[in-house]
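Below is one structure, written out as structure tokens; comments come after it.
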Amino acid sequence: MRTAAALAGVVLAGLLVRAIPVLLAGFPVNDGGLFVAVTRAIEDAGWGLPVSITWNGSELPFAYPPLGFYFSGGIASLFGVDLTDVFRWLPMVASALVVPAVFLLGRELLRSDLGGLVSALAYALAPASYVWLVQGGGVTRSPGMLLAVLTIWQVVRLVRDPGRRTAIVVGVLAGLTTLVHPGAAIFVTVSSVLVWIFEGRTVATLRYALASVALALIIVSPWLVITIARHGLGTVVGVPSNGPEPAAALLAVLAGRVTGTAWFDPLAVAGLVVAIVWLVRRQFLLPVWFGVATLVSYQYGMVPFGLLIGSAAVFLAGRVTPSAVGAARVAPMATLAVLAVALLFEAGASVLAVQNPGAPLHALSPERRDAMAWVEANLEPEAELAVVTNNVWSGDPDSEWFPMLASRRSVATVQGSEWLGEAAFDRQVRANQALQGCAEPASVSCVEDWLSEWGGDYVFLPKGPLNGPGGPGDCCLELRQLLVSADAFAPVYEGPGATILRWVTP
């Protein structure tokens, strides 16, 4: 009963920090426009698998794992709610459910309720554990993470106590994970291999593990066979990775920034110290797992990170015994106190994460959505626009939602191009970076040169704070003033959400 009450508190804490950006947004956080288009394409296909998706002036092959879209669209249809509302709330709920799943994994792996609770708490409070999960695109990321953690929990059980029933559960969960999110499937694969290597390299566990893989492939095969037959194997396996660069990931770990806080993070440092101690003690699983998972994505690295913190709590609590006296008792108690303070600091950082302009936890304002609706209603269908926000493309909701809400091509939007091959993806990234570079320093000639090279008839300049209260009050005020006064540009829309200008001297 005491453990259940403590777990409820941990889950509530995780839900609270995840709810803050969602409640403040009033719209799906950051991204999701492409995935809304995908879900609607499934609905238009009579809930079958469409061959392609019309998006931002291109036909994208429908090769993404589809289960998250079916689930989201099914909720919207069943309850008669708007799809964007599902994209707003579903990621938050699924992300919060990952917290008790981490508890189950931690309790099983560390053989301790305390270890499970502390692991879940550290995971719940680290901003990197939910920043990308609560966004609109989290309709696949969050369920994928939830299924991935549950799969790994069962993998630990399978490795320690091989059995047919557990092997079946692992196979089903792994198959569903793959049908939801490709990154989650990679995380499950590398995690399961590491668990098998360090926890039980036996012939029996290998036999059951292979049976689980076979079952997962059976579950995935209908979608996989159809997709490969339509688009080829290269479309499925050739999507560019969005994982961090190894050097950047290493620097984030060493600098105490891997948890996603806006400043130096004592809990991140504690995790690094624990990892080093375990390596010295030849306890390799958690440190190696933390490093490998972080290379896949910071959000996945937070699972073994939480387990590292939980393992430290179990170790220190085991040293505080009635027979311990002097330094043998004081040292572990003092270290536990430091760990508790670090967790409190993490809680504060999570509550304030939405204030961090560098965190993609912000959404389109109603005024900017109105400006995009004006584009749809008033500009010619073949119009192409350059959306200038001075933001990195992955944290730029204006560029990502524009094709969905305005029904016009955003020339520099990156999302979706990854399904057209690595060359097309790299080209769009370069185009986006070049365009956003025109905002600072502001330059009319930069915009004109960009339009000449990449194409476009109009410039869309959103107004207001694009990155929450901690960001600039207006992303592109200087560039807006220069373009409005330039002979080469004619304003066609001036509203509270954006300025739209036509390029008159192409």
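The values are calculated or read from the model by the stated rules, or taken from the named source; none is laboratory data. Values in this document were obtained by computation on a predicted structure and should not be read as measured data. Counting neighbours? That spans all protein chains shown, and the Cβs are built from the backbone with ideal geometry, glycine included. Each accessible area value is taken on the protein alone, full model and side chains, heavy atoms only, with ligands, DNA and RNA left out. Shrake-Rupley method; radii C 1.70, N 1.55, O 1.52, S 1.80 Å.
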Looking at the stretch 154-182, I want the residues that are without any contact (Cβ under 8 Å) to a residue 40 or more places away in the chain and have a partner that is open to solvent by 20 Å² or more (accessible area, probe 1.4 Å) and β-branched (Val, Ile, Thr) with Cβ atoms under 9 Å, at least 6 apart or on another chain. Which pairs are those?
Gln154/Thr166; Gln154/Val169
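Which residue, of Ser72, Ser77, is part of a helix (DSSP H, G or I), among the polar types (S, T, N, Q), open to solvent by less than 10 Å² (accessible area, probe 1.4 Å) and under 24 Å from Pro403 (Cα atoms)?
None of the others qualify; the one that does is Ser72.
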Kindly indicate which of Ala377, Ala331, Ala353 is at pLDDT below 90, closer than 30 Å to Glu478 by Cβ and small (Gly, Ala, Ser).
Ala353
Taking the residues in the stretch 17-46 that are in contact (Cβ under 8 Å) with a residue 60 or more places away in the chain and surrounded by fewer than 17 Cβ atoms within 10 Å (Cβ to Cβ) as candidates, determine which candidate is farthest from Asn467 (Cα to Cα).
Ala19
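Being under 20 Å from the mean Cα position of the chain (by Cα) and surrounded by 13 or more Cβ atoms within 10 Å (Cβ to Cβ), is that true of even one residue in the stretch 191-202? So that I can check it myself, show each step before the final result.
Keep residues of the stretch 191-202 that are under 20 Å from the mean Cα position of the chain (by Cα), which gives 191.
Narrowing the set further to residues that are surrounded by 13 or more Cβ atoms within 10 Å (Cβ to Cβ) leaves 191.
The answer is yes; a qualifying residue exists.
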Filter the stretch 1-41 for residues that are in contact with a Gly (Cβ under 8 Å, 6 or more places away or on another chain) and of a type in the set (Gly, Ala, Ser); which is nearest to Leu343 (Cα to Cα)?
Gly32
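Within the stretch 104-124, track down each residue that is open to solvent by 10 Å² or more (accessible area, probe 1.4 Å) and either of a type in the set (A, V, I, L, M, F, W, C) or in a helix (DSSP H, G or I) (or both). Quick ask: steps written out before the conclusion?
Pass one, the stretch 104-124, residues open to solvent by 10 Å² or more (accessible area, probe 1.4 Å): 104, 107-114, 117-118, 121.
Leu104, Arg107, Glu108, Leu109, Leu110, Asp113, Leu114, Leu117, Val118, Leu121 - these are the residues of the stretch 104-124 that are open to solvent by 10 Å² or more (accessible area, probe 1.4 Å) and either of a type in the set (A, V, I, L, M, F, W, C) or in a helix (DSSP H, G or I) (or both).
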For the stretch 223-241, state whether one or more residues are open to solvent by 80 Å² or more (accessible area, probe 1.4 Å) and closer than 25 Å to Ser394 by Cβ.
yes
Among the numbered criteria (1) of a type outside the set (A, V, I, L, M); (2) surrounded by fewer than 20 Cβ atoms within 10 Å (Cβ to Cβ); (3) within 30 Å of Gly421 (Cα to Cα), which one does Arg281 miss?
(3)
For residues in the stretch 249-261 being of a type in the set (A, V, I, L, M, F, W, C) and open to solvent by 50 Å² or more (accessible area, probe 1.4 Å), which is nearest to Ala122 (Cα to Cα)?
Leu254
Is there a residue in the stretch 345-353 that is within 30 Å of Ser119 (Cα to Cα), in contact with a Pro (Cβ under 6 Å, 6 or more places away or on another chain) and not in a helix (DSSP H, G or I)?
no
Within the stretch 408-454, count every residue that is of a type in the set (A, V, I, L, M, F, W, C), closer than 28 Å to Ala488 by Cβ and either part of a strand (DSSP E or B) or under 21 Å from the mean Cα position of the chain (by Cα) (or both).
4
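With respect to Phe87, is the statement that it is at pLDDT 95 or above, open to solvent by 10 Å² or more (accessible area, probe 1.4 Å) and not hydroxyl-bearing (Ser, Thr, Tyr) true?
On the way: at pLDDT 95 or above: yes; open to solvent by 10 Å² or more (accessible area, probe 1.4 Å): no; not hydroxyl-bearing (Ser, Thr, Tyr): yes.
So Phe87 fails the test.
Determine which member of the set Glu376, Glu382, Glu400 is of a type in the set (D, E, K, R), part of a helix (DSSP H, G or I) and farther than 28 Å from Pro441 by Cβ. Spell out the reasoning first.
Details: Glu382 fails: part of a helix (DSSP H, G or I); Glu400 fails: farther than 28 Å from Pro441 by Cβ.
The unique qualifying residue is Glu376.
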Residue, surrounded by the fewest Cβ atoms within 10 Å (Cβ to Cβ), within the stretch 353-397, restricted to residues that are touching a Ser or Thr at 6+ places or on another chain (Cβ under 9 Å) and over 20 Å from Gln415 (Cβ atoms)
Pro381
In the list Ser365, Ser410, Ser417, Ser394, which residue meets the criterion of being out of contact with any Lys or Arg (no Cβ under 7 Å at 6 or more places or on another chain) and at pLDDT 95 or above?
Ser410
Has the stretch 488-500 got any residue that is open to solvent by 10 Å² or more (accessible area, probe 1.4 Å), farther than 16 Å from Val411 by Cβ, touching a Pro at 6+ places or on another chain (Cβ under 6 Å) and not in a strand (DSSP E or B)?
no
Starting from residues that are of a type in the set (Val, Ile, Thr) and open to solvent by 10 Å² or more (accessible area, probe 1.4 Å), keep the ones in the stretch 171-187 and report whichever is nearest to Tyr208 (Cα to Cα).
Val172
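For the stretch 421-430, indicate whether the set of residues that are open to solvent by 50 Å² or more (accessible area, probe 1.4 Å) and touching a residue at least 60 places away in the same chain (Cβ under 8 Å) is non-empty. Full working, then the answer.
In the first step, residues of the stretch 421-430 are kept if they are open to solvent by 50 Å² or more (accessible area, probe 1.4 Å); the result is 422-423, 426-427, 430.
Now narrow it down to the ones that are touching a residue at least 60 places away in the same chain (Cβ under 8 Å): 422, 426.
Yes, that holds for at least one residue.
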Is there any pair linking a residue in the stretch 433-458 that is at positive phi and touching a residue at least 60 places away in the same chain (Cβ under 8 Å) to one that is open to solvent by less than 50 Å² (accessible area, probe 1.4 Å) and among the aliphatic types (A, V, I, L, M), with Cβ under 8 Å and at least six apart or on different chains, and which?
Gly455/Val411; Gly456/Leu385; Gly456/Ala386; Gly456/Val411
Tally up the residues in the stretch 235-267 that are in contact (Cβ under 8 Å) with a residue 40 or more places away in the chain and assigned to a helix (DSSP H, G or I), please.
8
